[in-house]
Amino acid sequence: MRLVKPRYQEMTDESLMVAISKGDKRAFDEIYHRYSGPLLGYFMRMLWRDREKAEDFVHDIFAKIIRKPELFDPKRTFKTWLYSVANNMCKNEYKKQEVRKNTSNGLDENYAVEDHNSNVLSEVADNQFRDQFEQSLEDLDKKHSEVFRLRHLDGLSIKEIADILDISDGTVKSRLFYATKYLASSLEAFNPVLNR
Amino acid sequence: MKKDLIDIIMEKEFHALSQAEREELASYCSNEDEYNQMRDVFIGVEQMTWDHPQPKAETKQRLDDLFDSTYPKAAPVWYNSVLAVVVPNEKPLHRQPLAQIAAVALIAFLTIPFFGSDSEITEKPAASQQLAQVEKPATTPSSDVKADPENEVKNEEPIVEEDPITRSNDVPVLVASAEPMPGAPSVGATSAGSSGHPDGVFIAVSQPASEAPEMFDLLTATF
């Protein structure tokens, strides 16, 4: 019996994972509370803003945590491990989409997988800078945009991104600066906005 | 936590960069204009508020169901409900009823002996009388043994054994000897001739050497 009850909010992700592996429901709730929102945003950005698909992916990644918590490598930080799993899930999805595209039988290839239920975009529709920014990110090739997104939208450090994508710190920096230069040139018209 | 290059760019103007930082940035931006352009992008992105959408409640519900099926709880039995009241998991140890009851019981156990100390003193003599009554029948000779003539000699001896003086100081030791010892004390001792024992056994009660110095001298000379 514990003398002092654990305060889940103060526990580290790694210790919460240990508790989850022992069947602690409250530890799982805490982990879900910490990462479900950021992961949903990440999946939405990576999966063509398809909210339904992103929801399914969030479910799947947490289902993995429930079913096989031992998959977590304690040598890595939980956040890094979680995002690397999410990144691999997205890669698999890209492959699936690629196969479907190649085997499509007359369906419109430009079918937009948009989330019509979400009003996130409509809320910022009047923000031209944001629209342009999003568009520029979309135009970037995937390896550059994903590094930029992980750094600026998900708040991960260069070291963490390197760990997630299994590349060197130098490569992360290089991709990050390339993406930044590209964005800077495409958003040049919004200099007053940038300089506010 | 060590700041990475992006944090440095967002925090510092170009002229404020150290030589080491400039060298590190050299491969990414060659001049001040490029640096400022990049800095503007980073700051602009940082200032943008990103909505973090929350997953639907159904997603959480499905995960809760999955968790419950993966880690099934123990079947509810009657003592589980009792334990839930007496040892609730949500409360810390010092607030659990079982711990509180145990603490009260411990305090009672430690304090009650101090309240009953007077009555114990008055009861002591009665207890010692009872002890004496229990001991007496063991020392008094039984009527069954009287019929044996050999035991008659031994029956005379308990008088010595019951002497309160010798009993209180040292336990008397029966010493068997073929002849009476010359320096042996005469108290309670009977010679073989006077006792009329057929084997000529001399029975004497020894005393501590400190009470009979001549006995001590004899022992020293012998050994």
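For this structure, a couple of remarks:
- Count of segment A:161-182 residues which are more than 10 Å from chain B (Cβ to nearest Cβ) and buried (at least 17 other Cβ atoms within 10 Å of the Cβ): 5
- Residues satisfying the stated conditions in segment A:11-32, i.e. open to solvent by less than 50 Å² (accessible area, probe 1.4 Å) and either under 13 Å from A:Thr77 (Cα atoms) or more than 10 Å from chain B (Cβ to nearest Cβ) (or both): A:Met11, A:Asp13, A:Ser15, A:Leu16, A:Met17, A:Ala19, A:Ala27, A:Glu30, A:Ile31
- Among residues of segment A:55-88, those that are open to solvent by less than 40 Å² (accessible area, probe 1.4 Å) and free of Cβ contacts under 8 Å to residues at least 40 places away in the same chain, counted: 9
- Residue in segment A:136-151 that is under 20 Å from the mean Cα position of the chain (by Cα), within 13 Å of another protein chain (Cβ to nearest Cβ), modelled with pLDDT of 80 or more and not in a helix (DSSP H, G or I) present: yes
- Close pairs from segment A:41-53: first without any contact (Cβ under 8 Å) to a residue 60 or more places away in the chain, partner open to solvent by 10 Å² or more (accessible area, probe 1.4 Å) and of a type in the set (A, V, I, L, M), Cβ under 9 Å, at least 6 apart: A:Phe43/A:Met89
The values are calculated or read from the model by the stated rules, or taken from the named source; none is laboratory data. It should be emphasised that the depicted structure is a prediction, and the values quoted were computed from it without experimental measurement. Virtual Cβ from ideal backbone geometry, glycine too; neighbours counted across all protein chains shown. Just the protein is used for accessible areas: all its heavy atoms, side chains included, with ligands, DNA and RNA removed. Shrake-Rupley method; radii C 1.70, N 1.55, O 1.52, S 1.80 Å.
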